[in-house]
1. Which condition does Phe306 not pass, out of (1) at pLDDT 95 or above; (2) surrounded by fewer than 24 Cβ atoms within 10 Å (Cβ to Cβ), if it passes all the others?
2. Say we look at segment 257-281 and pick out the residues that are in contact with a Leu (Cβ under 9 Å, 6 or more places away or on another chain) and polar (S, T, N, Q); which of these is surrounded by the most Cβ atoms within 10 Å (Cβ to Cβ)?
3. May I ask you to list the residues in segment 46-68 that are under 12 Å from Val330 (Cα atoms) and of a type in the set (Lys, Arg)?
4. Tell me, which residue of segment 197-231 that is more than 17 Å from Ala290 (Cβ to Cβ) and β-branched (Val, Ile, Thr) is nearest to the chain's Cα centre (by Cα)?
5. Can you find, within segment 153-167, the residue that is surrounded by the most Cβ atoms within 10 Å (Cβ to Cβ) among those that are in contact (Cβ under 8 Å) with a residue 60 or more places away in the chain and more than 22 Å from Ala368 (Cβ to Cβ)?
6. Output the number of the condition that Thr358 fails; it satisfies all remaining conditions of (1) assigned by TED's automatic domain parsing to the domain that holds Tyr198; (2) in contact (Cβ under 8 Å) with a residue 60 or more places away in the chain.
7. Applying the selection to segment 337-347, what residues are buried (at least 23 other Cβ atoms within 10 Å of the Cβ) and either in contact with a strand residue (DSSP E or B) (Cβ under 8 Å, 6 or more places away or on another chain) or not small (Gly, Ala, Ser) (or both)?
8. Just to verify a result, which residue in segment 220-235, among those that are of a type in the set (S, T, N, Q) and not in a loop (DSSP other than H, G, I, E, B), is surrounded by the fewest Cβ atoms within 10 Å (Cβ to Cβ)?
Amino acid sequence: MKVHKKGIVAFGAFAVISTLTLAGCSSSSTPTDDSDAAAEFSGEITVWADTNRAAVLEDAAKKFTADTGVKVTIVEKQMDEVRTQFVQQVPTGKGPDVAVGAHDWLGELVTNGVVAPVELGDRADEFQQIALDAWNYEGQNYGIPYAIENIALLRNADLVPEAATDYADMIAKGQASGAEYPFLVGLDPEASDPYHLYPFQTSFGAPVFGTSADGSYDATDLQIGNPGGEQFAAWLQEQGAAGVLNTNITPDIARESFFAGKSPFYLTGPWNATDAIDAGLNVEIDPIPAAGDQDAQPFAGVQGFFLSSESENRLAANEFLLNYVGSEEVQTALYEVGGRTPALTASYEAAIAADPITAGFGEVGANAVPMPSIPQMGSVWEYWGVTEVALINGQGDPAELWSKMATDIQGAID
């Protein structure tokens, strides 16, 4: 998908927010009479949000208070503080009623008993399916999603005019371009980057976990060590030996090199796409090419708002989440300050029509899978990246290294 600078939404253009009329999504889901609202809701709720999200929520809070009489206090928190403090404070009764965070926190939040299900009712059909899947844990919905994030392949169309059909074609096109690097992805010298390399792994038919009948991840079905995983391990070593994957090319080096025109292809997220265009590159956003014989499926991370299990005003908090935070006006405003694909379908459709970056990443994201939120995923990260480093650097037999990794992961889970 071709991206022109003039078509980009000005992420962070906060001026639009103040003009929004924040309200419930429909007359059927929002109180229509002030006296009815006052009778149904009372008291106050507290919301934890980071700086950008807090600014949007202030307007939603004012509207909610005007409609229901419930006071909403917005407390700004650093995103990296929210999860730990939420888990620590909710059991003591000092935590918020509502907080913002990532869907892959769910395993920790649910097992600690600090979150409550959020009832979507007939509003569920208004959100993108992958966002609903991400916030579903053991058959229950635990959040109001607002943003979807995934990686895609950026292509410098001045160096390579046509999209690659598969991984081998991408490398051939990259080499034919005469650029210094045929393809770039930033890696960590000690931990690789399983997140960015996962689409290639899935193209060999090696997901981390299998899934249950309802589509949720099954922690008892570790798939990463299957024959497809061993094929991926051999491929990693081949790419390392060829110099295409290089653990000395860190994320910063990969970014700088792509911006300098040293490679036509760069695997990254939307956080680098806007800057690449601002740097004057003629960028197109392509699907991630498969290295194996199956689709390359990146992870999707879904941001959302969740509800404390100890909230003393859960009815009002759920109403604020569902019909205010979940409204098209607020979801669009959150997109404007964050620049990530909206979870609400109406906001998504408007965003992709106006912004080719969102459209490009949204198209790739349609083939993404939610990052596992089950607690057992922590055992996977521990061994996954270091094994990839060993493979890329040719430090052993691929099948043996990968098999040992899978055994170690299973042992840690057990």
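The values are calculated or read from the model by the stated rules, or taken from the named source; none is laboratory data. Note that the structure is a prediction, hence the values are computed from the model and not measured. We place every Cβ from the backbone using ideal geometry, glycine too, and count neighbours over all the protein chains shown.
1. So the condition that Phe306 fails would be (2).
2. Step one: filter segment 257-281 for residues in contact with a Leu (Cβ under 9 Å, 6 or more places away or on another chain), giving 257-259, 261-268, 272-273, 276, 281.
If we keep only those that are polar (S, T, N, Q) too, we end up with 257, 263, 268, 272.
Values: Ser257: 18, Ser263: 25, Thr268: 21, Asn272: 21.
So the residue we want is Ser263.
3. Across segment 46-68, the qualifying residues are Arg53, Lys63.
4. Across segment 197-231, the extreme among qualifying residues is Val208.
5. First, the residues of segment 153-167 that are in contact (Cβ under 8 Å) with a residue 60 or more places away in the chain: 153-160, 163-167.
With the extra rule that they be more than 22 Å from Ala368 (Cβ to Cβ), the set shrinks to 156-160.
On the way: Asn156: 23, Ala157: 17, Asp158: 13, Leu159: 19, Val160: 21.
Selected residue: Asn156.
6. Single failed check for Thr358: (1).
7. Arg340, Thr341, Pro342, Ala343, Leu344 - these are the residues of segment 337-347 that are buried (at least 23 other Cβ atoms within 10 Å of the Cβ) and either in contact with a strand residue (DSSP E or B) (Cβ under 8 Å, 6 or more places away or on another chain) or not small (Gly, Ala, Ser) (or both).
8. Applying the first criterion (of a type in the set (S, T, N, Q)) to segment 220-235 yields 220, 223, 226, 231.
Filter once more, so that each one left must be not in a loop (DSSP other than H, G, I, E, B): 220, 231.
On the way: Thr220: 9, Gln231: 21.
Going through the qualifying residues, I end up with Thr220.
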